[in-house]
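First comes the structure, then the notes that go with it.
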Amino acid sequence: MPRRDLPTPQEALRILSEKRTRPQRRPPPPLGRALNKALREFDARFGQGSGALEARWREVVGAEIAKRTEPVKLTRGRNGGPSSLEIRVAGPAAAIIQHQAHEILARVNLFLGAEAVQKLRIVQGPLQKKHEPAAKSRRRLPPLDAAEEAGLAKDLADAPEGPLKTALLALGRGVLRQRRAID
């Protein structure tokens with residue numbers, strides 16, 4: 001095959017003006033952008049569903065109720081009928097939860113909107129999600145007295161000023177507090 005020379009700039013312009021080219025194909029917009037509008041419309045029409053309630057159950061009903069219960073499903077009433085929330089309760093706690101039903105309904109309606117749920121259906125059974133205990137609050141140890149603070153400052157008097165000395169002071173205070181708490 002014989003080698004072909006490149007066209008001159010004038011020939012390139014002539015070739016390009018004679019040939020019709022298609023516009024460059026654009027990729028479709030991201031699916032998330034199209035779905036956001038539809039999801040906002042559904043959320044405005046139907047409100048938050050059981051997924052939002054399940055995700056924030058502990059905040060909605062409180063820690064004590066949340067460790068014994070979990071939401072199962074939210075059923076909307078037909079033709080404007082009463083909607084109900086089904087919750088699963090761990091074992092014998094069902095009697096306690098039954099007495100707190102009005103409080104639970106009030107809290108759920110505060111989260112989902114006024115009169116979103118009218119009935120509470122309690123089902124006994126093992127909880128699917130294991131309850132994670134709340135973080136224990138650490139008890140603060142009392143501060144050092146003046147004699148211990150002076151002794152610590154005297155021990156670190158030769159250390160140069162700066163972040164190292166500050167860190168050593170904090171470490172010394174912690175060790176002395178722990179030692180006093182153990183004794």
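The values are calculated or read from the model by the stated rules, or taken from the named source; none is laboratory data. No experiment lies behind these values; they were computed from the predicted model shown. Cβ placement follows ideal geometry from the backbone for every residue including glycine, while neighbour counts extend to all protein chains displayed. Each accessible area value is taken on the protein alone, full model and side chains, heavy atoms only, with ligands, DNA and RNA left out. Shrake-Rupley method; radii C 1.70, N 1.55, O 1.52, S 1.80 Å.
The protection proxy used here, the mean number of other Cβ atoms lying within 10 Å of each residue, ranks peptides 107-115, 151-159, 12-20, 62-70 as follows, highest first: 62-70, 107-115, 151-159, 12-20. Summing Lys, Arg as +1 and Asp, Glu as -1, what charge do residues with Cβ under 9 Å from the Cβ of residue 66 carry, residue 66 excluded? Once positives and negatives cancel, what remains is 0.
The accessible surface of the chain, taken with every protein chain in place and a 1.4 Å probe, is 55 percent carbon and sulfur.
Computed with a 1.4 Å probe over protein heavy atoms only, the accessible surface of the chain comes to 83 Å² per residue.
Classify the chain as rounded, prolate or oblate from the Cα gyration tensor: take a ≥ b ≥ c as the square roots of its eigenvalues, call it rounded if a/c is under 1.5, otherwise prolate when a/b beats b/c and oblate if not. Verdict is oblate for the chain.
Expressed to the nearest 5 percent, the antiparallel share of DSSP beta bridges inside the chain is 50 percent. Stretching residue 169 away from residue 19 to a fully extended chain increases their span by 45.9 nm, per 0.36 nm per residue minus the current alpha-carbon distance.
Mind checking which of 169, 16, 90 is farthest towards the positive end of the chain's charge dipole, using Cβ charges of +1 (Lys, Arg) and -1 (Asp, Glu) about the Cα centre? Farthest towards the positive end: 16.
Per residue, the chain reaches -14000 deg cm²/dmol at 222 nm when only DSSP H runs of four or more residues are counted, each adding -39500 (n - 2.57). The slack in the chain from residue 121 to residue 26, taken as 0.36 nm per residue of separation less the alpha-carbon distance, amounts to 29.0 nm. The packing ranking, built from the mean of other Cβ atoms within 10 Å per residue, places the peptides 81-89, 160-168 in the order 81-89, 160-168, highest first. FRET efficiency for the residue 37 to residue 63 pair, using the beta carbon distance and R₀ = 30 Å, is estimated at 0.20.
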